[in-house]
Amino acid sequence: DVDPASGRVFVTAASNADTAGNDDAEVLLSSSTDGATWTAAQTVNADPGGGDEDEQWMPWVGVGQGRVTLVYYCWDDEGASINACFAYAPVGAAPAFTEIVVSSAVTPTGTGFLGDYNGNLVGADEVVHPVWGDGRPGSPGDTDAHTARVDFSPPTAVGATGPATKLWGESATFDATVTGAHGEAEQFIPVEFIVTGGGSPSSTSGSATTDAAGEASF
């Protein structure tokens, strides 16, 4: 993929440097600004198991909004579970990556073939949409398409709505709406409510997490 701001081209591949044991596949990344000179291939993944026998494969790179992002499978050979991992870093010649697990459930290694269907799209709203084939237990088929919403847009505004007046002893519901830098709804944002004023309100505080519409209620 190409960074639209700098023109830097990024290429990713999975490489098995351990040709003897065939048990240490890594995700590699190289980039170029002119197509002729390329950076030395760097390892993207963090080896989640912490050992030398972790495998990562089937990477897909997406670049935009000043970040280079990748999705790929990650598996600690000592275990029997495969996850989808996601790595991100600022665009540059030698990005310093942070790796997270984006799959909400593991795929057992006995599921069978995984791959070929991964993807990774960067939105103008600073939301990245990694997609992968997932064989978690309970899936309708052997593997199904799954996606995640990775939001890099920080919450920038919060508004609250509720009744202007209520009779003594009646309940009141207040809704908070959190939006991002582009006016988009911000999901998974913790919101704290605090009641001030006279009388004896109950309760005097509460917390909630915003939903897909960016809303939380108290």
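The values are calculated or read from the model by the stated rules, or taken from the named source; none is laboratory data. Keep in mind that this is a model prediction, so the values were computed, not measured. Each accessible area value is taken on the protein alone, full model and side chains, heavy atoms only, with ligands, DNA and RNA left out. Shrake-Rupley method; radii C 1.70, N 1.55, O 1.52, S 1.80 Å.
When the Kirkwood hydrodynamic radius is evaluated over all pairs of different C-alpha atoms of the range 25-120, what value in angstrom, to one decimal, is obtained?
Kirkwood radius, the range 25-120: 14.1 Å.
Would you tell me the accessible area of L167, worked out with a 1.4 angstrom probe on the heavy atoms of the protein chains, in Å² to the nearest 10?
Probe radius 1.4 Å; accessible area of L167 about 120 Å².
Probe 1.4 Å, all protein chains in place: accessible area of S200 in Å², nearest 10?
Roughly 100 Å² of S200 is accessible to a 1.4 Å probe.
At 1.002 mPa s and 20 °C, plugging the Kirkwood radius over alpha-carbon pairs of the range 104-218 into Stokes-Einstein gives what diffusion coefficient in µm²/s?
Using the Kirkwood radius from Cα pairs, D works out to 123 µm²/s.
At 4 °C and a viscosity of 1.567 mPa s, what translational diffusion coefficient does Stokes-Einstein give for the range 165-218, taking Rh as the Kirkwood radius over Cα pairs? Give it in µm²/s as a whole number.
Taking Rh from Cα pairs, D becomes 104 µm²/s.
Residue by residue, what Karplus-based ³J(HN,Hα) values in Hz, rounded to whole numbers, does the range 173-188 have, using 6.51, -1.76 and 1.60 with θ = phi - 60° and x for Gly and Pro?
Residue by residue, the range 173-188 yields 10, 10, 10, 9, 10, 10, 10, x, 5, 9, x, 7, 5, 9, 8, 6 Hz.
Sorted from largest to smallest, which semi-axis lengths in Å does the alpha carbon gyration tensor of the chain give for its equivalent ellipsoid, taking the root of 5 times each eigenvalue?
42, 23, 14
In a GNM of the chain with a 10 Å cut-off on Cα contacts, which of P190, P130, P108 has the highest mean-square fluctuation?
Answer for the Gaussian network model of the chain: P190.
Got the relative contact order for the range 60-99 handy, in percent, Cα pairs under 8 Å and 6 or more residues apart?
33
Counting only protein heavy atoms and a 1.4 Å probe, tell me what percentage of the chain's accessible area is made up of carbon and sulfur.
Here it works out to 54 percent.
Would you please state the base-10 log of I(q)/I(0) at q = 0.17, 0.27, 0.33 1/Å for the range 65-109, with intensities from the Debye formula using one equal scatterer on every alpha carbon?
-0.53, -0.91, -1.14
Note down the relative contact order for the chain as a percent, whole number, built from C-alpha pairs under 8 angstrom at least six residues apart.
The normalised contact order for the chain reaches 11 percent.
Keeping every protein chain in place, order T43, T12 by accessible area at 1.4 Å, biggest value first, i.e. largest first.
T43, T12
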